[in-house]
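The structure under discussion appears below in the form of structure tokens.
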Amino acid sequence: MESVEVESGSFEEPTNERARALLDAAEELLEELGMEALTARAVAERAGVAKGLVFYYFGSTHELFERVLERYYARHKASLAEAFAGEGDHRERLHRVVDEYLDFMEENVTYARIVQHQIASEGPHLPLVRRHLREVLELTREMLRGITPSRGPRSAEHFHVSLSAVVINYFTYGPVLLDDALEDRPLGERRAHVHWVVDSWLDGLERHR
């Protein structure tokens, strides 16, 4: 069965136990409290190590934040590629990707908001975000090879941008519009809606072949 290659990027999991503890602590703080919580003192206290080790292993909180984002994107890309691999026809495999995408966003809601903030504000981490988003786009191109045309309104690029909007915007705008957006029933309805949207797109692509 055809699979897709995942760009490994520059992320490597730290082998040092204290460095890994700091990275884990930074990830937890970002998920719980957002970027404002990412101070050297807060990360060190959460990891149970001296504050100076943040600078020893990562140089700055800026670099630490980038390492957390690198880890986030490495997991994201690997999870999508794994979902696409395996048995089933192309449509079944793409629906597995959709489920994995939704699962990943449910578990990482804060990161979607952080990435959108970096893009909207042209923040200091935008080059890293841009690089990884383009790698995810390349992953989508590989998944849709032979299904979408190379150019035009039905190309993989437009499919990718539209799917990203359908998924991510729910986790950023949904909680503002709906008080219960992140509860089980609305999340289940949203999942069904996204699958319906993807089926509609795939049906349209088949009609235009």
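Between His62 and Asp89, what length in nm is gained on full extension when 0.36 nm per residue of separation is reduced by their alpha carbon distance?
5.4 nm is the gain from fully extending His62 to Asp89.
Please compute the length gained on full extension between Arg134 and Glu189, using 0.36 nm multiplied by the number of residues separating them and subtracting their Cα-Cα distance. Don't skip to the answer; put the middle values down first.
Values: separation 55, 0.36 × 55 = 19.80 nm, distance 2.92 nm.
In short, 16.9 nm is gained.
Just want to confirm a number: the relative contact order over segment 62-207, from Cα pairs under 8 angstrom separated by 6+ residues, in percent.
24 percent.
Report the label-to-label distance for Arg41 and Arg18 in nanometres (one decimal), using points 7 Å from each Cα along the Cα→Cβ vector.
2.0
What list of ³J(HN,Hα) couplings, whole Hz, do you get for segment 61-76 from phi and the Karplus terms 6.51, -1.76, 1.60, once you set θ to phi - 60° and write x for glycine and proline?
5, 4, 5, 4, 4, 5, 5, 5, 5, 4, 5, 4, 5, 4, 5, 4
Taking the Cα-to-Cβ direction at Ile119 and at Glu82 and moving 7 Å from each Cα, how far apart do the two end points lie in nm?
Spacing of the two 7 Å Cα→Cβ label points: 2.5 nm.
How large is ³J(HN,Hα) for each residue in segment 107-124, as worked out from phi by the Karplus curve 6.51 cos²θ - 1.76 cosθ + 1.60 (θ = phi - 60°), to whole Hz, x for Gly and Pro?
Per-residue couplings from phi come out as 7, 9, 4, 4, 5, 4, 6, 4, 5, 4, 5, 4, 5, 5, 9, 6, x, x Hz.
Can you give the calculated 222 nm mean residue ellipticity of the chain, where each DSSP H run of n ≥ 4 adds -39,500 (n - 2.57) and the sum is split over every residue, rounded to the nearest 500 deg cm²/dmol?
Result for the chain: -24000 deg cm²/dmol, rounded to the nearest 500.
In segment 60-178, what is the volume of the convex hull around the alpha carbon atoms, normalised per residue and reported in Å³?
Dividing the Cα hull volume of segment 60-178 by its residue count gives 119 Å³.
FYI, it's all coordinate maths here, none of it is from the lab. Note that this is a predicted model, so its numbers are computed, not measured. In this analysis, Cβ positions are derived from the backbone assuming ideal geometry, glycine residues included, and neighbour counts consider all displayed protein chains.
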